[in-house]
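Starting off with a structure, shown below.
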Amino acid sequence: MKTLIIALVVIINYLVGFYYVIINSIYSILLFSSLIGVIKHLKRIKYSAFKELLFSPEAPPVSILVPAYNESEVILRTVNSVLALRYPLYEVIIINDGSTDGTLEKLINYYHLRKIDYVYRPFIKTAPIRGLYYNPHLPHLVLVDKVKSGKADSLNCGLNISRFPYICTVDADSILESEALLRLMAQVVESVDPVIACGGVVRVLNGLKLKNASTLEIELPRKPIVLFQIVEYLRAFLFGRVGWDMANSILILSGTFSLFHRSAVLAAGGYNVRHVSEDMELVLKLHCWARENKKRYRIKFISDPVCWSEVPETWTMLGRQRRRWHLGLIQNLFDHRKMLFNPKYGHLGLVVMPYYLFFEMLGPIVELLGYIFVPLSFIFGLLSFKFFFLFLILAIFYGIFLSTTSIFLEEITYKRYPKWKHLFKLLIFGALENFGYRQINAFWRCQAWLRFLMGEKRWEYVEKKNNQNNCQLVTKLA
C-alpha cells in the first residue's frame, strides 16, 4: 500500500510538471502574439481617422444598456459618464432590476424623469416591467423599472426596448472614457468581415479621482488586494485577450464593456438567464449561431478603448466574484460541449475549447495539487532538488515574468499609469502576487468546482466599496 501511495504521489508530481510545461508554452505564444498585436494596433490607430467617425454618417447608432441593482451610490456617476461620450448618435437605456436602495428614485429625481405609456414588445421573454420613465429634454435617456430577475434578464429587457442596430453593455459601477465607444466602433466599421461582437479593456477604477463626467486623475490605490487585481487585469486584457484575438479565437468578452450586433444577439436567443456568466455564454452562442448558419463574422477584442470599473476590496467579496467567474466557465463549457473536438467549429472546437477545458477549467485543480504535493514530496525525499527547482521556475518565476512583462507592455504602449512610481509599485505587486494571491485564487476556483458538482449554481452577489469622492463630484456637476 505504501509503495502504491508513493507511486501515485510521484505520478501527480509529474502530471503537475507536464501541465506547467504545456501551459507556459501556450502563454509564451500568447505573449509573443500579444506584443505583435498591440504594436500593429498602435500603428493602425496612429494613422486611423477614427475621430472623423464622430462626424460621419457611417457611424452606426448604438443603444447603451446599463443594468442596475442597488447602485444608488454610483449610478449617477456612471450615467453621467455615458451621457458625456463623444459619439454621433446613441441612446442610453438604464434597466433598474428591482433595486431596494433608492436607485430608481435617485435617477427619476436627478434627471427629472416622468412615467410614460409604452408598448413593450418582448422579442425575448423577460420578467414584467413596472414602468418606463422619460424626459423630453433628454431624448436619448430612458429608464426602465422591472421586477428583480437578474442581470441577464435585465439585459434582455434592454435588448427588447433598444431601437438601434448595435447594443453596448456597461456595468452600473463603471466609467467609460469619452472616446471609448468611438474607438470600439471604428474597428467595426473598418473590418472587412462583419463584426457581430467586440469588447474593450476593463481597468480598475478604485483609487482614481473623477475630475468631471469622463476625465479621471490616475492614482494607484493603497490596498494590496486592489493592486493585485490591477496587475491581474493588465495581464488578462493586454496579454491574454490580445493574443487570442490575433488567432480570431475570442471566447470571452467582459460584460462590463462590450458591443454587439443587435440582430445577431436576437437570432442567437439573447442572454441565458440560467447562467452566472452570461457574457461568455452569449459569445459562445454567437460563435455557434454564426458557424452553424455559415455566416462570415468576426468577434474581436480591441485593446485601447477603456472602461474603468470597480473591483472588490475585501477578500470575502473577491472570493465570491472569482467563484462565480469559474462556475460560469464550467457551466459554459458543459452546456456548449458539442463544440469540443468538433471539426464543424474549426479551430474553436479543435484548439480553443480544449484549451479552456484542460487549462482554464481543470487548471486550478492541477495547480492546487502542485502547491500541496510537490513541496511535501521534496520535503519527504520523493523528489530531487532539480525537479523541485524546475517546479518553482515554471509555477512561480515564470508567473512573475508574465506579470511584469504585461506591466511593461502597458508602459510602452497605452501608459494609463503615467508616473514612474506607478510602474515601480505595479512591478513589485506583479512579483508579490505569485506568493499567495494566485494560490488563493486557485483555491476559490476549486470551490467553484465543488459548487458545480453539488448542483449549486446561484449568483453570489458582490458588494463593492464605492468611491464616495467620485459620487460627490458627480453631484456637484449636476
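The values are calculated or read from the model by the stated rules, or taken from the named source; none is laboratory data. Just so it is clear, the model here is predicted, and its values are computed rather than measured. Because the Cβ atoms are built from the backbone with ideal geometry, glycine has one as well, and the counts that use them run over all protein chains shown.
Starting from segment 338-354, keep only residues that are among the acidic types (Asp, Glu), then list their pairs with residues that are part of a helix (DSSP H, G or I) and surrounded by 13 or more Cβ atoms within 10 Å (Cβ to Cβ) whose Cβ atoms are within a distance under 7 Å, requiring at least 6 positions of separation or different chains.
Close Cβ pairs (under 7 Å, with a partner that is part of a helix (DSSP H, G or I) and surrounded by 13 or more Cβ atoms within 10 Å (Cβ to Cβ)) do not exist here.
Filtering segment 68-84 down to residues that are out of contact with any strand residue (DSSP E or B) (no Cβ under 6 Å at 6 or more places or on another chain) and assigned to a loop (DSSP other than H, G, I, E, B), which residue is surrounded by the fewest Cβ atoms within 10 Å (Cβ to Cβ)?
Here the residue is Ala84.
Another question, if that's okay. Among the listed residues Ile428, Ile407, identify the single one that is at pLDDT 85 or above and surrounded by fewer than 16 Cβ atoms within 10 Å (Cβ to Cβ).
Ile428
Let me ask another. Any residue in segment 89-113 that's within 17 Å of Pro139 (Cβ to Cβ): show its pairings with residues that are basic (Lys, Arg) and in a loop (DSSP other than H, G, I, E, B) at Cβ separation under 7 Å, as long as the two are six or more apart or on different chains.
As it stands, the answer is Glu91/Arg163, since those pairs meet every condition given.
A follow-up question, please. Got a number for residues in segment 37-59 being surrounded by fewer than 19 Cβ atoms within 10 Å (Cβ to Cβ) and either at pLDDT 85 or above or among the acidic types (Asp, Glu) (or both)?
Of the residues in that region, 2 qualify.
Another one. Of everything in segment 261-278 that's without any contact (Cβ under 8 Å) to a residue 60 or more places away in the chain and buried (at least 20 other Cβ atoms within 10 Å of the Cβ), which residue is nearest to Leu251 (Cα to Cα)?
Here the residue is Ser277.
Okay, moving on. Just one of the numbered conditions (1) in contact with a helix residue (DSSP H, G or I) (Cβ under 6 Å, 6 or more places away or on another chain); (2) at pLDDT 90 or above; (3) over 22 Å from Ser162 (Cβ atoms); (4) basic (Lys, Arg) is not true of Arg235; which one?
(2)
Now a separate question. Determine, yes or no, whether Lys457 is farther than 26 Å from Phe358 by Cβ, modelled with pLDDT under 90 and of a type in the set (D, E, K, R).
In short, no.
Among the listed residues Leu238, Leu138, which satisfies the condition of being assigned to a helix (DSSP H, G or I) and within 25 Å of Phe260 (Cα to Cα)?
Within the list Leu238, Leu138, the selection yields Leu238.
Taking only segment 358-403 into account, find how many residues are modelled with pLDDT of 90 or more, within 15 Å of Phe18 (Cβ to Cβ) and either in contact with a Ser or Thr (Cβ under 8 Å, 6 or more places away or on another chain) or charged (D, E, K, R) (or both).
Residues flagged as modelled with pLDDT of 90 or more, within 15 Å of Phe18 (Cβ to Cβ) and either in contact with a Ser or Thr (Cβ under 8 Å, 6 or more places away or on another chain) or charged (D, E, K, R) (or both) within segment 358-403 amount to 1.
Another question about this same structure. Please go through segment 355-375 and give me each residue that is under 24 Å from the mean Cα position of the chain (by Cα) and free of Cβ contacts under 8 Å to residues at least 40 places away in the same chain, ordered by number.
Within segment 355-375, Leu357, Phe358, Glu360, Met361, Leu362 qualify.
To keep it simple, each residue is scored yes or no on (1) in contact with a Cys (Cβ under 6 Å, 6 or more places away or on another chain); (2) among the basic types (Lys, Arg); (3) buried (at least 22 other Cβ atoms within 10 Å of the Cβ).
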| residue | (1), (2), (3) |
| --- | --- |
| Trp244 | no, no, no |
| Ser249 | no, no, no |
| Phe257 | yes, no, yes |
| Arg291 | no, yes, no |
| Val311 | no, no, yes |
| Thr314 | no, no, no |
| Lys338 | no, yes, no |
| Phe341 | no, no, no |
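Need pairs with beta-carbon distance below 6 Å; first residue closer than 14 Å to Leu54 by Cβ and within segment 163-185, second assigned to a loop (DSSP other than H, G, I, E, B) and modelled with pLDDT under 90; sequence gap 6+ or separate chains.
Once the first residue is closer than 14 Å to Leu54 by Cβ and sits in segment 163-185, its partners that are assigned to a loop (DSSP other than H, G, I, E, B) and modelled with pLDDT under 90 give Ser178/Ser214.
Pick out the one residue from Leu184, Leu220, Leu253 that is of a type in the set (A, V, I, L, M, F, W, C) and surrounded by fewer than 24 Cβ atoms within 10 Å (Cβ to Cβ).
Leu220
Within segment 294-353, count every residue that is within 17 Å of the chain's Cα centre (by Cα) and basic (Lys, Arg).
5
If you take the residues of segment 322-346 that are of a type in the set (A, V, I, L, M, F, W, C) and in a loop (DSSP other than H, G, I, E, B), which of them is farthest from Ile252 (Cα to Cα)?
Among those residues, the one meeting the criterion is Phe341.
Sticking with this structure for a sec: Considering only segment 125-135, I want to know if a residue exists there that is touching a residue at least 60 places away in the same chain (Cβ under 8 Å), buried (at least 16 other Cβ atoms within 10 Å of the Cβ) and either of a type in the set (Val, Ile, Thr) or under 30 Å from Glu281 (Cβ atoms) (or both).
No, segment 125-135 has no match at all.
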